[in-house]
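See below for the structure under consideration.
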Amino acid sequence: MAFLIDCPNCGGRNPYEFNFGGECKRAPDQGADMKAWCDYLFFHENMPEFQDEWWYHTMGCGDWIKIRRNIATHEIKLIED
Ligand SMILES: [Zn+2]
């Protein structure tokens with residue numbers, strides 16, 4: 001894995017310092033049926049393009065960061081909220 005994740009607190013770091021937290025996507029509304037929750041939890045778009053993801057800097061600052069990563073090339077953009 002030859003890419004760096006640019007943590008806003010620690011700078012560019014090896015992705016092995018992080019835990020992948022999954023895709024950023026909107027949770028179903030309260031009261032949604034079981035299928036909606038199963039789709040949310042277990043099915044992912046996983047398209048060969050940019051997707052927004054959560055990463056936890058386990059061996060660094062301990063913050064969650066949101067990045068936009070091209071899952072085919074690993075090009076990364078930090079998402080400013
Ligand atoms: Zn950090």
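Derivation of every value follows stated rules applied to the coordinates shown; laboratory data play no part. As the structure is a prediction and not an experimental result, all values here were calculated from the model.
What the table shows:
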| item | result |
| --- | --- |
| Centre separation in Å (Cα based) which lies between the range 49-75 and the range 1-41 | 7 |
| Helical contribution to [θ] at 222 nm, DSSP H n ≥ 4, -39,500 (n - 2.57), averaged over the chain, rounded to 500 | -3000 deg cm²/dmol |
| Cα radius of gyration and Dmax for the chain (Å) | 14.1, 42 |
| For residue 13, residues with placed amide H under 5 Å, excluding near neighbours | 5, 6, 7 |
| Amide H contacts of residue 24 (H built 1.01 Å from N, under 5 Å, at least 5 apart or other chain) | 52, 53, 54 |
